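Below you'll find the structure, written out as structure tokens, and then a few comments.
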Amino acid sequence: MKQQGSLIKKLRTDRKISQAKLAEGISSRTTLSSFENRKTNLSSQTLFDYLDKMNITVHEFSLFLDSEATDQKRQLVQDFYTRYYDRTLTLEYLTSLEERYFETQNFFYYSLYIQGLLLLNRESFLKNQQAYSKEVELVKQYLFYIETWGRFELNLFSNLLFIFDQETISYYLDHGIKKILRYANDPFYANLVSVVILNGCAFASENKDSYLLNKFLLLSHPLPNTPLYFYLKIHQVLYQEIYSYLQSSQLNKEVLRNSLIVIEQAGYQNHNIDLKNLIYAVTSISI
């Protein structure tokens with residue numbers, strides 16, 4: 001609340017709006033003054049009304065707050081994924097996340113611990129799922145009891161698709177993820193939506209599951225052809241071709257080559273190699 005109050009003051013003064021003018025029709029000037037000077041809290045609705053009067057969206061306000069002070073959890077998530085992709089995600093690091101969970105009882109830390117543990121031991125998990133039954137059950141229960149998913153739940157689900165069966169994934173696509181598509185034009189969600197769909201397409205392709213691959217592809221079809229979804233759209237053609245192969249055993253190499261060229265020209269050389277390996281794993285055909 002302290003950061004919010006000082007930021008509201010900054011946004012107001014930048015726009016040369018007096019306290020009396022901003023508070024008019026929303027609250028007393030004293031309420032606004034006290035909030036700005038970090039003396040009292042404020043209801044969410046009153047805060048939203050202030051923002052609306054200054055023509056600032058809640059999402060913009062959140063971004064401004066992040067620029068004012070680095071969010072600890074967001075920084076931790078960035079560190080987690082940097083370690084994962086750099087292959088420096090160690091058991092010692094994961095244990096520190098588990099210990100933080102025991103200290104705070106905040107499931108956020110335990111979810112990172114579980115994701116890291118299962119991602120690092122994916123092959124082991126697939127061979128002996130019973131060995132990780134406790135961790136898997138916690139994830140499943142957590143997601144099952146939340147009706148409206150946010151970024152946290154979407155990331156958790158997307159990263160651990162391999163712990164769910166086809167029926168469960170299909171259910172969540174129909175009842176959880178489709179709700180998020182209502183915000184498809186919001187940059188705040190665009191990247192996340194792309195990641196969820198692409199993770200799903202890769203997972204379904206690896207498992208040669210044409211049913212799930214088609215479900216993930218269908219999520220991408222109504223998304224706008226804007227720069228927000230450029231990365232997703234250039235993959236859509238490629239995964240559509242893999243889906244066609246799974247249905248008919250026919251593969252249009254020219255379409256795949258063109259898609260891979262665009263991906264490489266966009267600067268994703270390493271990912272381009274991964275996609276070629278995926279295509280070969282699914283089709284036994286080199287591109």
Three-way shape label, the stretch 67-219, alpha-carbon gyration tensor, a/c 1.5:
oblate
Note down the accessible area of Asp86, probe 1.4 Å, to the nearest 10 Å².
100
Orientation-averaged projected area, Cα convex hull of the stretch 181-238 (nm²)
3.5
How much length would be gained if the chain were fully extended between Ala281 and Thr88, taking 0.36 nm per residue of separation minus their Cα-Cα distance, in nm to one decimal?
66.9 nm
Below 8 Å, C-alpha to C-alpha, sequence gap of six or more: please give me the relative contact order for the chain in percent.
9
Ordered by packing density, taken as the mean number of other Cβ atoms within 10 Å over each peptide's residues, highest first, how do 110-117, 5-12, 257-264 rank?
110-117, 5-12, 257-264
The chain, accessible area per residue, ligands and nucleic acids excluded (1.4 Å, Å²):
56
Neighbour net charge for Tyr50 - beta-carbon separation under 14 angstrom, K R +1, D E -1
+1
Column: log10 I(q)/I(0), Debye, Cα scatterers of the chain, q = 0.15 Å⁻¹
-1.23
Of Lys10/Lys178; Lys134/Lys178; Lys140/Lys179, pairs whose Cα-Cα distance is over 27 Å
Lys10/Lys178; Lys134/Lys178
Taking placed amide H atoms and a strict 5 Å upper bound, the residues 5 or more places from Ser27 or on another chain that come that close are none
Candidate residues Lys127, Lys208: accessible-area rank, largest first, probe 1.4 Å:
Lys127, Lys208
7 Å from Cα along Cα→Cβ at both Ser133 and Asn55: what's the point-to-point distance in nm?
6.1
Please report the Cα spread of the stretch 1-49 along all three principal axes, rounded to whole Å, starting with the longest.
22, 21, 17
Going by Cα centres, the stretch 1-51 and the stretch 200-225 are how many Å apart?
45
Only Lys, Arg, Asp and Glu count, each charged at its Cβ (+1, +1, -1, -1), so figure out the dipole size of the chain about its Cα centre, rounded to 20 debye.
880
What are the ³J(HN,Hα) couplings of the stretch 171-183, residue after residue, when phi is run through the Karplus curve with 6.51, -1.76, 1.60 and θ = phi - 60°? Round to Hz, x for glycine and proline.
4, 5, 5, 7, 10, x, 6, 4, 5, 5, 5, 5, 9
Tyr145 versus Leu218, label points 7 Å from Cα toward the beta carbon: distance in nm?
3.1
If I build a Gaussian network model for the chain, linking alpha-carbon pairs within less than 10 angstrom, which residue out of Tyr171, Tyr85, Tyr189 has the largest mean-square fluctuation?
Tyr85
Whole-percent carbon and sulfur share, accessible surface of the chain, 1.4 Å:
48
Computed from the beta carbon distance with a Förster radius of 45 Å, FRET efficiency for Lys39 and Asn191 to the nearest 0.05 stands at 0.75
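The values are calculated or read from the model by the stated rules, or taken from the named source; none is laboratory data. A quick note: this is a predicted structure, and the numbers were derived from the prediction, not measured. Every residue, glycine among them, receives a Cβ derived from its backbone with ideal geometry; neighbour counts consider all protein chains shown. For accessibility, only protein heavy atoms count, side chains too; no ligands or nucleic acids. Shrake-Rupley method; radii C 1.70, N 1.55, O 1.52, S 1.80 Å.
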